[in-house]
1. Tell me which residues come under 5 Å, amide H to amide H, from B:Phe211 once H is placed; ignore anything under 5 positions away on its chain.
2. Convex hull over the Cα atoms of segment A:19-71, averaged projected area in nm²?
3. Please figure out what share of the DSSP beta bridges in segment B:115-287 is antiparallel and state it in percent, rounded to the nearest 5.
4. Check each residue of segment A:21-53 and keep those whose accessible area, probe 1.4 Å, is at least 40 Å² smaller with all protein chains in place than in the chain alone; give them in order of residue number.
5. Quick one: which residues, 5+ away or cross-chain, put their amide H under 5 Å from the amide H of B:Trp223? H built at 1.01 Å from N.
6. So for segment B:211-288, Kirkwood radius off the Cα pairs, Stokes-Einstein at 37 °C and 0.692 mPa s: how many µm² s⁻¹?
7. Given that compact globular proteins tend to follow 2.2 N^0.38 Å, what is the ratio of the alpha-carbon Rg of the protein assembly as shown to that value?
8. Need one number: % antiparallel among DSSP beta bridges in the protein assembly as shown, to the nearest 5.
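The values are calculated or read from the model by the stated rules, or taken from the named source; none is laboratory data. Since we're looking at a predicted model, the values are computed, not measured. FYI the Cβ positions are ideal-geometry reconstructions off the backbone, even for glycines, and counts take in every protein chain you see. These area figures cover heavy atoms from the full protein model, side chains too; ligands, DNA and RNA do not enter into them. Shrake-Rupley method; radii C 1.70, N 1.55, O 1.52, S 1.80 Å.
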Amino acid sequence: MAKKIVNQIKLQIPAGAANPSPPIGPALGAAGVNIPMFCKEFNARTQKDAAERLIIPTIITVYSDRTFSFELRTPPASVLLKKAVRVEKGSGEPNKIKIGTLKREQVREIAQQKMPDLNTTDIDAATRIIEGTARSMGIRVVD
Amino acid sequence: MRDWVQLDALVERGAVELASAALFELGATGIEERWPEGEAPPVRQPWDTGPPPPLPGRVVLRAWFPAEGGDPEAWAARAGAALGRWLRAEPAAVLLGEEDWASAWKRGFRRIVISERLAVAPPWEALPGDLVVEPGMAFGTGEHPTTLACLRAVDRLARPGGRCLDVGCGTGVLALAAAKLGMEARGVDHDVEAVRAARANAERNGLAARFDAAPLHEIDGAWDLVVANVFAEVLCALADDLVRLTGGALVLAGVLADRQAMVEACFSALRVVRRERDGDWVALELRP
């Protein structure tokens, strides 16, 4: 079908927990997207991360007849890093207050998981990106 | 009814991830990333070539918090403290009541009458005898000018007992319209989501149309009616197969007016017997 795109909506929502409440209801309702269908499909596709309620960045493409498609991105690095150090919150003062320590190998594993969405195909470059996020959250990275 | 605080925070694009994490730590149920008013880059269409437009350097994070009788100013202050270093403007928060979002999206969908014998409608608008199509994850509700042009063509060209092939079938609406008008219909789409939706629509309407993801070169025979509502570039790429499969009429749609000449050149093996324009879109009917 000749699908003309009219809108792209970017949401960050917890895996397996989509429902018509905000942000999904207001964001998709205004675009005329079939909200129950989106919720059902999203929850089915993100079931594996539902227990941990990982945040899933999701891009919904809305076409000119208000039909839609969506793609899922990997959870944000900050979410994966907090999970790895087992803390709920990042540091408000990352230079002074450290919230945990990770081995570079653990950061590399997160980089590997994030690779599809990072602007590089080089695992060392990806690891450096994730290390930067870790430092700005107050996570120490050691060898 | 529950109240919600809707909070907008303008942050640098590079800070979206960490600022979002801070908003989730405050209890956000979810976040929408929006471009600041007037800064949204043009939407890139599947047929656009060339480099993508540059993205704005700032993003509005619209976060939502469940808040029974909550004070929006208190939420704005809380977010301001949590996001301090990433903010490019003070956060703004408003209190909103719960709405019936689960059904509000249905507003605006309408029943589309093609002729006395053919009308297409979403389930909640359908009258007895209508072709019912659920708007969802496959294109083709009948609203778009290209789908409308094809529906009119199917209505005009369908002959009971004849065979119709719908190429790039989306929801299956064109094949189902042909089936409803007495044709033996088949729809193909490389998108499995579309095939699934089309089969569900066939079942919903009690119509015996076949839908699958077969590539065109694996399909044989001369079809009385072939409909292809895809892009100009895809039509040209499929031209040899579409010409081979056309036994009666070939309807091409999804052609932007500035690509009409290109498409007609790709299909020079057939003759154009009808041209229909609706806004930017052109539909062509061709015959051997």
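1. Here the answer is B:Gly187, since their amide H atoms fall under 5 Å of that of B:Phe211.
2. For segment A:19-71, averaging the hull's shadow over all directions gives 3.5 nm².
3. Details: 13 of 33 bridges.
Antiparallel bridges make up about 40 percent of those DSSP assigns within segment B:115-287.
4. Buried by the other chains: A:Pro22, A:Pro23, A:Pro26, A:Asn34, A:Met37, A:Glu41.
5. Excluding prolines and chain starts, which carry no amide H, the hits are B:Thr246, B:Gly247, B:Gly248.
6. Working: Rh = 12.5 Å.
Stokes-Einstein gives a translational diffusion coefficient of 263 µm²/s.
7. Values: Rg = 25.1 Å, N = 431, 2.2 N^0.38 = 22.1 Å.
Normalised by 2.2 N^0.38 Å, the Cα Rg of the protein assembly as shown equals 1.14.
8. Working: 53 of 77 bridges.
Of those bridges, close to 70 percent are antiparallel.
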